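Down below is the structure, laid out as structure tokens.
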Ligand code: SF4
């Protein structure tokens, strides 16, 4: 008997999405993919993964990968070249521009997706050897205001607390954070604290999000008014003698000025309620709760950071924790939730234009220290340009060479369309990427360098609680893909810096990074991982998650900061900051009466280059949309399920309309994820104004003045095909991955005949075609079967009665169809006997709305727990729990209505 092949052991690695930094066990499946599970031994998640992490195996396909270096040809096409000429092209281009125009003319734009080792090498080359600090990162759009707030208050960019504080808190305050969707595994810890120790949850957000649904107190604050709320709280704490004067006296400076400013902005509860447009009783309840609860953790995220006054908001939050001494002790402290997997690691190595390396700045002493450590021939002398300024410098022709690594700024930056045009001016435009095509590549990149992707990369990332974890490779490098640190080092060597960039591997880079953190560091610098500077390659390979600081002279463990002061300022005292009065940056007016708030969805990440490949992640919200309050929808003549044209001073987009009272009046919300590849009419970055925070340079992404107008299409439909198809210009569409192919949801003014012809053209000779045509109603349904499977189809109908794609999609994803299913397919709906699946609500277990409604309506499930028991929905990451609760309520209400309108029974005698 043949022995079974050995099952490859699972590799311990880290999720590549959000800043929670969950540990993942990945076992190669032998076919280029992997099986994925949460790592029970990782302290960030103890084995739990959210829907995005759990679907990682669906994102490993090489279908869209960039596998070889490519060079743009004179005719605009891209042609494959070897690594040597590609690297020579980059090095030669940088050298020529540097010699002619100086270091201010070159720039790198990096990413919180990069590993620390990649970031370190890129930053070293630019700031130490090319003499420019124009190294910025997409983290500037994410958490730069937290960095600036930390540095102003603490003298260093440090998160004082650890995740365990969330387990040990009695009050958790979430400000501008939809943690249920954006940090789902950490959010489950919050839910556990609520359940196990009866911690209270206060959610402060202009939008009633999934997170707000779980709150004990939800404060629907007016956009941009967080500073006023926390100033009001500081004044209240002072008035009720709830301050910790011992802590203030011993460890801080600037309290008197900060309190005076707080009293100017929001002197009492009434003034706070007026400024924030909150109910006075709710403000009082929040203030009382905060006063009465020593163990309070205030978590904040993009709703605070992505603001033209984001740094002041961060400091207003930190102020109340300093004033009560609630910092650095179990269950208490301000806590910045990082968006990206390695935003923290990027900050550690100086991945921001206003940092040098290892949390050092640009003082003469720090410049000299880093210069000596690197033996650097050409140190940058001052801070460089931050992201928005950097791209505007490209627009003005000041920056002539740009190297983008692992990010898609042509979609994500404010005024993204103008930025795409600006990129065309570059003399040298290099992109290190995983994918063959995205908006940035299509903006005219001259050289494409194939970079390793998640699963192939080897290095470290640091999560929101300062925990450094290994990302380990469990798949071979495909094609000619290489790690980013290797690519940058090879360019550096071709520029003549062979000795300084002669790394033997990621461990070698890490050791140098760790040694720099400890170099001439007698405890005056917060970031010190000198204890890891002499790890052998084997020890680096085996490294368990470790929290920094990890000094050479200390045992490793979890360290909180600042319970006993010892801040990283000259006098070791924290600084209270007197914030500016909060104000909306750009006023709304008659032309632009609404405020556009942008954000993320539960199951998508950034511009969907990875999550967009996962059928189950695409099944939750397959189309781009805006959320709008019913009154605003009525005023703008928008209907739920229709389309809106959204316009700002910078651009426009066309989106589906979702009318919801969860949205405040005057505010609309749109997700950021869609790109030219997935929905070219729905690129939200194009609409956003470039208003930057003066301290952090982080752009305001939450309150761009906008207007929404109804837009009509005559027909709507969908195509399900085994390969992507093109549609005529003018067609509005959104692409979504489906198992075994691609889905295209579209809206069009092309007549059904056009789609009928297109469908027939798409079918192969071997396809057995079934069609339903109703010319009078404008309905076309064409399906092609191959070997009993649905091979492809196009369904089109009048926009108002658009065909539903859920049922047909599940048949497309199924194997061979039964005769009955084939017959019912063209009916296009559940009314004819096929089970209605609806959009997927629980992505972890692929449970659709139809099944949930059915379980509730039949009485089988009356609670979230019942749904979990019967369908498993909501029992893994829990991020759909709020939706489950809403479905139960809606279904119950619908049943109640049906009972009410039921006609009285006819008397037997009638
Ligand atoms: S919460 Fe989800 S996205 Fe974030 S790290 Fe964990 S598994 Fe990944």
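Just so you know, all these numbers are worked out from the coordinates, no wet-lab data involved. Note that this is a predicted model, so its numbers are computed, not measured. Neighbour counts run over all protein chains shown; Cβ positions are idealised from the backbone, glycine included.
Computed quantities for the displayed model
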read-out	value
Burial order of peptide ranges 119-125, 257-263, 483-489, 106-112 (average beta-carbon count within 10 Å, highest first)	119-125, 106-112, 483-489, 257-263
Counting DSSP beta bridges with both ends in the chain, the antiparallel % (nearest 5)	60
Computed log₁₀ I(q)/I(0) - Debye formula, equal Cα scatterers, no solvent, region 728-859, q 0.19 Å⁻¹	-1.21
Region 1-96 - Kirkwood radius from inverse mean 1/r over Cα pairs (Å)	16.9
Order of 529, 672 under a 10 Å beta carbon neighbour criterion, fewest first	672, 529
Rg/Rh for region 279-346, where both radii come from Cα atoms and Rh is the Kirkwood radius	1.02
Considering only region 567-692, percent of DSSP beta bridges that pair antiparallel, nearest 5	45
Mean-position separation - Cα centroids, region 9-84 and region 528-558, in angstrom	25
Ordering of 279-285, 224-230 by packing [mean C-beta count within 10 Å, highest first]	224-230, 279-285
Cα-derived Rg to Rh of the chain, Kirkwood definition	0.97
Residue-averaged 222 nm ellipticity for the chain, from DSSP H runs of 4+ at -39500 (n - 2.57), nearest 500	-9000 deg cm²/dmol
Residues 596, 825, 436 arranged by fewest to most Cβ contacts within 10 Å	436, 825, 596
Potential lengthening between residue 639 and residue 711 on full extension [0.36 nm per residue; Cα-Cα distance subtracted]	24.9 nm
Exposure proxy order (Cβ contacts within 10 Å, fewest to most) of 773, 297, 11	773, 11, 297
Global geometry of region 489-593, whether rounded, prolate or oblate, following the gyration tensor of its Cα atoms and the 1.5 cut on a/c	oblate
Translational diffusion of region 680-754, µm² s⁻¹ [Kirkwood Rh, Cα pairs; Stokes-Einstein; 37 °C; 0.692 mPa s]	212
Isotropic mean projected area of the C-alpha convex hull, region 553-631 (nm²)	12.9
Label-point separation, residue 749 to residue 559 (7 Å along Cα→Cβ), nm	6.5
q = 0.13, 0.14, 0.21, 0.24 Å⁻¹, region 611-667: log10 I(q)/I(0) [Debye, one scatterer per Cα]	-0.39, -0.45, -0.82, -0.94
Residues residue 425 and residue 498, FRET efficiency given R0 of 35 Å [Cβ-Cβ distance, rounded to 0.05]	0.60
Over region 1-112, relative contact order from alpha-carbon pairs under 8 Å, at least 6 apart, %	13
Extension gain from residue 761 to residue 285, taking 0.36 nm per residue of separation minus the Cα-Cα distance	164.9 nm
Scaled radius of gyration (Cα, divided by 2.2 N^0.38 Å) that region 77-137 gives	1.23
Cβ crowding within 10 Å averaged over residues, with 717-725, 465-473 ranked highest first	465-473, 717-725
Rel. contact order, % - alpha carbon contacts under 8 angstrom, at least six apart, the chain	15
For region 115-182, diffusion coefficient by Stokes-Einstein and Kirkwood Rh (Cα), 4 °C, 1.567 mPa s, µm²/s	86
FRET efficiency estimate (nearest 0.05) - Cβ-Cβ, residue 869 to residue 520, R0 56 angstrom	0.40
Cα gyration tensor of region 328-455 - equivalent ellipsoid semi-axes, whole Å, descending	29, 21, 16
